[in-house]
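Heads up: the structure comes next, in structure tokens.
The values are calculated or read from the model by the stated rules, or taken from the named source; none is laboratory data. What you see is a predicted model; the values in this text were computed from it and never measured. Every residue, glycine as well, gets a Cβ built from its backbone with ideal geometry; the counts of neighbours run over all protein chains shown.
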Amino acid sequence: MDNSLAEIQTNSENISSEAALIWKNCLSIIKENVPLITYNTWFLPIKPLSIESGKLRIQVPNNFFIEWIEEHYNTLITRAIRQVIGEEAELIYVILEEDDPLPPMVDAIAEEKPAPKTVAKAKDFDNYLNPRYTFENFIKGENNQLARAASVAISKNPGNTSFNPLFIYGGVGLGKTHLVQAIGNTVLKNFPRKRVIYLSSDIFTIEFVEAIQNNKVNEFSAFYKSMDVLIIDDIQFLIGKEKTQDLFFHIFNTLHQMGKQIVLTSDKPPKELKGMNERLISRFQWGLSADIQPPDFETRIAILKNKSENYGIELSPEILEYIAHNITSNIRELEGCLIKLLASSSLSSKEIDLELVKKTVNEISTKRQIKTSIETITKIVCEHFNVDENKVREKNRKKEVVIARQVAMYLAKKLTNFSLKTIGLHFGGRDHSTVIHAFNNVDNMMAQDPKLKEKVEHLRNRIELGY
Ligand code: ADP
Ligand code: MG
């Protein structure tokens, strides 16, 4: 890339409507020549700024964009501007400095005539962020002190703290997703032009597999490399998916070298991620690893108070304490309990009293025992068949591995609500037809082999009753 072409824009600039019109014509040429997804990813985010003696100044989100466009679409984009402006046409890329105030923009492309001023935001793709997750509604406690403080620091200064990557780990329902989405939301509030994306490693894998099928791996990887803040939730699901790990490794390196922020969550600390590539594990430890523990009693009370106030209900200290004493390990359950209470009391138009609370808490703990994860199922099944858990996620065709894998898939289908696609993903990225095949196979074998049937029933009981 010729760096002299890239300028840093330091002061605000108005779009000229002439430039907008020219760019609009260029876009229609470009659009005809690239797939829609390419167009949306690489060309739509570009804003035309001005045109002077054949020099069209366009604004791009970051350097990476320039490199990517120059490398892949140089011919196309040159052809387009020459066709519209003439042979002397020249393109000048402008990168906005992050700390600049947003320039007033005239949305001349849409309107074709001077239009009301709008603010340009870096959002030309779905960032999967849920605005409900903020720092304001995240209750501070001893259990989440470090993780929260680091998250707040990052959202003020993404990429520029020593917390890169920030790796947050802890059990289910303790606030990992809430915290990392709050980072994303806050970064976008503080720096509207930053490119921020949140997604779980499951979705990342699914997209990657699709990219392979459509021959779009370069584009897929370039898209993630163009982020300023990349947030990947539940990174443990990459275990057993070596190709995805390899690709993620490259994305990680590129972003880290460019000083972009990476935020990851996991159910375990990095060094306990058995089956994750060692070089990834070592990178996960480059920045800061912070855990979230189950909330202590005081924090549970604070969370219950805060949430019940948000729902507009007032609970007596006795009720708050009862709930906080009985639901101890998981904030999602505390929340679920309040929602249930609210629903039952409005259905029966009865006050929330201790009796209703006891009944609700009881129902929740029963449900907890049945609810189970694919991971628990895999663990119990593998223990039973004496097979290494990682093997069932690999391409291992040994007889005992195959049977353990198929039984685990069978039970995952029976005992959880996960889709066939998700179940397949947990077993080394296998597709849904493999899961159906496993299910039918185990079903048939059980019909013919009473011993196997007994084994599977026994395993099912163990999983459901949690022993
Ligand atoms: P995890 O990702 O660790 O499984 P989540 O982030 O999904 O957990 O949290 C579960 C629920 O509990 C969410 O609705 C979240 O908003 C809420 N929650 C978790 N921690 C807190 C907290 N400290 N303050 C307020 N709400 C919380
Ligand atoms: Mg989560």
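Got a sec? Which of Gln285, Gln293 is farther than 13 Å from Ile139 by Cβ and either of a type in the set (D, E, K, R) or within 16 Å of ligand 1 (Cβ to nearest atom) (or both)?
Numbers: Gln285 fails: either of a type in the set (D, E, K, R) or within 16 Å of ligand 1 (Cβ to nearest atom) (or both).
Residue meeting the stated conditions: Gln293.
Kindly provide the set of residues from the range 131-142 that are away from ligand 2 (no atom under 15 Å from the Cβ) and either aromatic (Phe, Trp, Tyr) or in a loop (DSSP other than H, G, I, E, B) (or both), ordered by number.
Here is the first cut: in the range 131-142, the ones away from ligand 2 (no atom under 15 Å from the Cβ) are 131, 134-137, 139-142.
Those that are away from ligand 2 (no atom under 15 Å from the Cβ) and either aromatic (Phe, Trp, Tyr) or in a loop (DSSP other than H, G, I, E, B) (or both): Pro131, Thr134, Phe135, Glu136, Asn137, Ile139, Lys140, Gly141.
Taking the conditions (1) within 16 Å of ligand 1 (Cβ to nearest atom); (2) surrounded by 14 or more Cβ atoms within 10 Å (Cβ to Cβ); (3) of a type outside the set (Val, Ile, Thr) in turn, Asn306 satisfies each one other than (2).
Could you list all residues from the range 394-439 that are of a type in the set (Ser, Thr, Tyr), within 25 Å of Glu272 (Cβ to Cβ) and assigned to a loop (DSSP other than H, G, I, E, B)?
Residues of the range 394-439 that are of a type in the set (Ser, Thr, Tyr), as a first pass: 410, 416, 419, 422, 433-434.
Still in the list and also within 25 Å of Glu272 (Cβ to Cβ): 416, 422.
Within the range 394-439, just Thr416 meets the criteria.
Using the structure shown, decide if Asn157 is without any contact (Cβ under 8 Å) to a residue 24 or more places away in the chain, more than 14 Å from the chain's Cα centre (by Cα), more than 8 Å from ligand 1 (Cβ to nearest atom) and farther than 20 Å from Gln285 by Cβ.
Values: without any contact (Cβ under 8 Å) to a residue 24 or more places away in the chain: yes; more than 14 Å from the chain's Cα centre (by Cα): yes; more than 8 Å from ligand 1 (Cβ to nearest atom): yes; farther than 20 Å from Gln285 by Cβ: yes.
Yes, satisfied.
The range 285-393 holds helices (runs of 4 or more DSSP H) entirely within its bounds, and those carrying 2 or more residues that are within 16 Å of ligand 2 (Cβ to nearest atom) map to 331-347, 374-385.
Looking at the structure I just gave you, is Lys123 at pLDDT below 85, more than 16 Å from ligand 2 (Cβ to nearest atom) and part of a loop (DSSP other than H, G, I, E, B)? Show your work before the answer.
Working: at pLDDT below 85: yes; more than 16 Å from ligand 2 (Cβ to nearest atom): yes; part of a loop (DSSP other than H, G, I, E, B): yes.
Yes.
For the condition in contact with a Phe, Trp or Tyr (Cβ under 9 Å, 6 or more places away or on another chain) and farther than 28 Å from Lys395 by Cβ, what is the one hit in Ile235, Ile231, Ile212?
Working: Ile235 fails: farther than 28 Å from Lys395 by Cβ; Ile212 fails: farther than 28 Å from Lys395 by Cβ.
On inspection, the qualifying residue turns out to be Ile231.
Residues of the range 227-256 that are farther than 17 Å from Ile203 by Cβ and at pLDDT below 95: Glu242 alone.
If you go through the range 143-155 one residue at a time, do you hit one that is assigned to a loop (DSSP other than H, G, I, E, B), over 11 Å from Ile292 (Cβ atoms) and either charged (D, E, K, R) or more than 14 Å from ligand 2 (Cβ to nearest atom) (or both)?
Residues of the range 143-155 that are assigned to a loop (DSSP other than H, G, I, E, B), as a first pass: none.
No - not one qualifying residue is present in the range 143-155.
Applying the selection to the range 214-252, what residues are buried (at least 18 other Cβ atoms within 10 Å of the Cβ) and over 18 Å from the mean Cα position of the chain (by Cα)?
From the range 214-252, those buried (at least 18 other Cβ atoms within 10 Å of the Cβ) are 216, 220, 222-241, 244-245, 247-248, 251-252; that's our starting set.
Across the range 214-252, the qualifying residues are Lys216, Gly240.
Per the conditions (1) out of contact with any Ser or Thr (no Cβ under 8 Å at 6 or more places or on another chain); (2) under 18 Å from Lys241 (Cα atoms), the sole criterion not satisfied by Ile423 is (1).
So which residues in the range 160-187 are more than 16 Å from ligand 2 (Cβ to nearest atom) and more than 16 Å from the chain's Cα centre (by Cα), if there are any at all? Quick ask: steps written out before the conclusion?
So the first thing to find is which residues in the range 160-187 are more than 16 Å from ligand 2 (Cβ to nearest atom), and the list is 160-165, 186-187.
Correct list: Asn160, Thr161, Ser162, Phe163, Asn164.
Confirm whether Tyr224 is over 26 Å from Val392 (Cα atoms) and within 16 Å of ligand 2 (Cβ to nearest atom). Spelling it out, it is not the case that Tyr224 is over 26 Å from Val392 (Cα atoms) and within 16 Å of ligand 2 (Cβ to nearest atom). Ile203 meets all of the listed conditions (1) of a type outside the set (S, T, N, Q); (2) modelled with pLDDT under 95; (3) away from ligand 1 (no atom under 16 Å from the Cβ) but one, namely (3).
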